[in-house]
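As structure tokens, the structure follows; a few thoughts come after it.
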Amino acid sequence: DAGVIQSPRHEVTEMGQEVTLRCKPISGHNSLFWYRQTMMRGLELLIYFNNNVPIDDSGMPEDRFSAKMPNASFSTLKIQPSEPRDSAVYFCASSSAGAGSYEQYFGPGTRLTVT
Amino acid sequence: SQQGEEDPQALSIQEGENATMNCSYKTSINNLQWYRQNSGRGLVHLILIRSNEREKHSGRLRVTLDTSKKSSSLLITASRAADTASYFCATGGGSNYKLTFGKGTLLTVNP
């Protein structure tokens, strides 16, 4: 299994531009999570999906952030317009909702720099 | 808000020594997990302990859980330079599979 795949690995953009981060979860996993990690705030859960449905988006910082999961094998996190304070590493993780399967598998992350 | 809080924030030891990291949390949980993050990489799951368990082992890892004190510890025995990483505890509750991570302990193992 290839694990969780994220693209791009690095993104540098200017303030005001739209940014789209992509994630392919592990095949067969039905929960998907988007996290943001910064030195100041640590690892924050932004949103998570179960069976492609957003269950909890309370961590999404503001309306500039949106996430979609059109099917079981793909999710996007979009920031529009981007701001310098959005600079962080964004992780996608997936897990299986089988009995007792709570562990999450993380992708390598996308390092976003907004100038 | 952060549920788990790791202690210490940073730990530096010599290769071969044992490393102990602690985690405290605030609300009731179903399970507690430990993850490792190498610099520039994603988190990797190490071990899960359920709320009805008190101790669990996996290789050189030993995890304890004290639900009365709302605390857990991760012990890495006979540490190696390759164990250098940040270690996070994460608490899970309910059936929604959502985890809440602490800010981590940065472990440095000097060769």
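What total accessible area, in Å², is buried where chains B and A meet, using a 1.4 Å probe and rounding to the nearest 100? Mind showing how you got there, number by number?
Values: alone 6210 and 6390 Å², together 10840 Å².
Buried area (both sides, nearest 100 Å²): 1800 Å².
Probe 1.4 Å, all protein chains in place: accessible area of B:His57 in Å², nearest 10?
The accessible area comes out at roughly 120 Å².
If I ignore ligands, DNA and RNA and count only protein heavy atoms, how much of B:Lys26 is accessible to a 1.4 Å probe, in Å² to the nearest 10?
Counting only protein heavy atoms, the figure is 140 Å².
Given R₀ = 35 Å, FRET efficiency for B:Ala78-A:Ser7 by Cβ-Cβ distance, to 0.05?
Rounded to the nearest 0.05, the efficiency is 0.35.
Using Cα positions and a limit of under 30 Å, work out the lysines in reach of A:Lys68, with same-chain residues fewer than 8 apart set aside.
A:Lys68 reaches A:Lys24, A:Lys78, B:Lys98, B:Lys103.
Between rounded, prolate and oblate, where does segment B:31-111 land on the alpha carbon gyration tensor, with a ≥ b ≥ c its root eigenvalues, rounded for a/c under 1.5, else prolate if a/b exceeds b/c? Kindly include the intermediate steps, with their values, before the conclusion.
Working: a/c = 2.25, a/b = 1.44, b/c = 1.56.
The shape class here is oblate.
Take chain A, connect every pair of alpha-carbon atoms lying under 10 Å apart with a spring to form a Gaussian network, then pick out the residue of A:Gly28, A:Gly16, A:Gly42 with the largest mean-square fluctuation.
Its mean-square fluctuation being the largest, the pick is A:Gly42.
Quick one: net charge around B:Lys26, please, counting Lys, Arg +1 and Asp, Glu -1 for every other residue with C-beta under 11 Å from its C-beta.
Taking every other residue near B:Lys26 into account, the sum is 0.
Could you give the nm distance between label points at A:Met40 and A:Thr113, where each point is 7 Å from its Cα heading toward the beta carbon?
Taking the two extended label points, one gets 1.8 nm.
Of all accessible surface on chain B at a 1.4 Å probe, what whole percent is carbon and sulfur?
Carbon and sulfur together cover 44 percent of it.
Most mobile of A:Ile55, A:Ile47, A:Ile79 per a Gaussian network model of chain A (Cα springs, under 10 Å)?
The residue with the greatest mean-square fluctuation here is A:Ile55.
Can you compute the charge dipole magnitude of segment B:1-62 about its Cα centre, using +1 on each Lys and Arg Cβ and -1 on each Asp and Glu Cβ, nothing else charged? Give it in debye, rounded to the nearest 20.
Here the size comes out at about 280 debye.
If R0 is 25 Å, what FRET efficiency do you get for B:Val44 and A:Val53 from their C-beta distance, rounded to 0.05?
Efficiency computed from Cβ-Cβ geometry: 0.35.
Which residues in segment B:7-37 place their backbone N less than 11 Å from a point set 7 Å from the Cα of B:Thr108 along the Cα-to-Cβ direction?
B:10-13
Would you mind giving the mean number of other chain beta-carbons within 10 Å of the Cβ of each residue in B:99-109, as a whole number?
That average works out to 3.
Under 8 Å for C-alpha pairs, at least 6 residues apart: give me the relative contact order for chain A, rounded to a whole percent.
Relative contact order for chain A comes out at 37 percent.
What is the average number of partner chain Cβ atoms found within 10 Å of a Cβ in B:40-47?
6
Could you calculate the FRET efficiency of B:Lys69 with A:Gln80 from 1/(1 + (r/R0)^6), where r is the beta carbon distance between them and R0 is 30 Å, rounded to 0.05?
Result of the calculation: an efficiency of 0.10.
Below 8 Å, C-alpha to C-alpha, sequence gap of six or more: please give me the relative contact order for segment B:10-111 in percent.
37
Under 1.5 on a/c is rounded, so check that first for segment A:10-105, then, if it is not, pick prolate when a/b is larger than b/c and oblate when it is not; a ≥ b ≥ c are the square roots of the alpha carbon gyration tensor eigenvalues.
Numbers: a/c = 2.11, a/b = 1.73, b/c = 1.22.
Taking the square roots of the gyration eigenvalues as a ≥ b ≥ c, segment A:10-105 is prolate.
Sort B:Thr77, A:Thr110 by accessible area with a 1.4 Å probe, largest first.
Final ranking, largest accessible area leading: B:Thr77, A:Thr110.
Taking each residue of A:25-36 in turn, how many C-beta atoms of other protein chains fall within 10 Å of its C-beta, and what is the average?
For this peptide, the per-residue mean of nearby foreign Cβ atoms is 1.
The values are calculated or read from the model by the stated rules, or taken from the named source; none is laboratory data. These numbers come from a predicted model, not from an experiment. With ideal geometry, Cβ positions are generated from the backbone for all residues, glycine too; neighbour counts draw on all protein chains shown. Areas reflect the complete protein model, heavy atoms only, side chains present, ligands, DNA and RNA absent. Shrake-Rupley method; radii C 1.70, N 1.55, O 1.52, S 1.80 Å.
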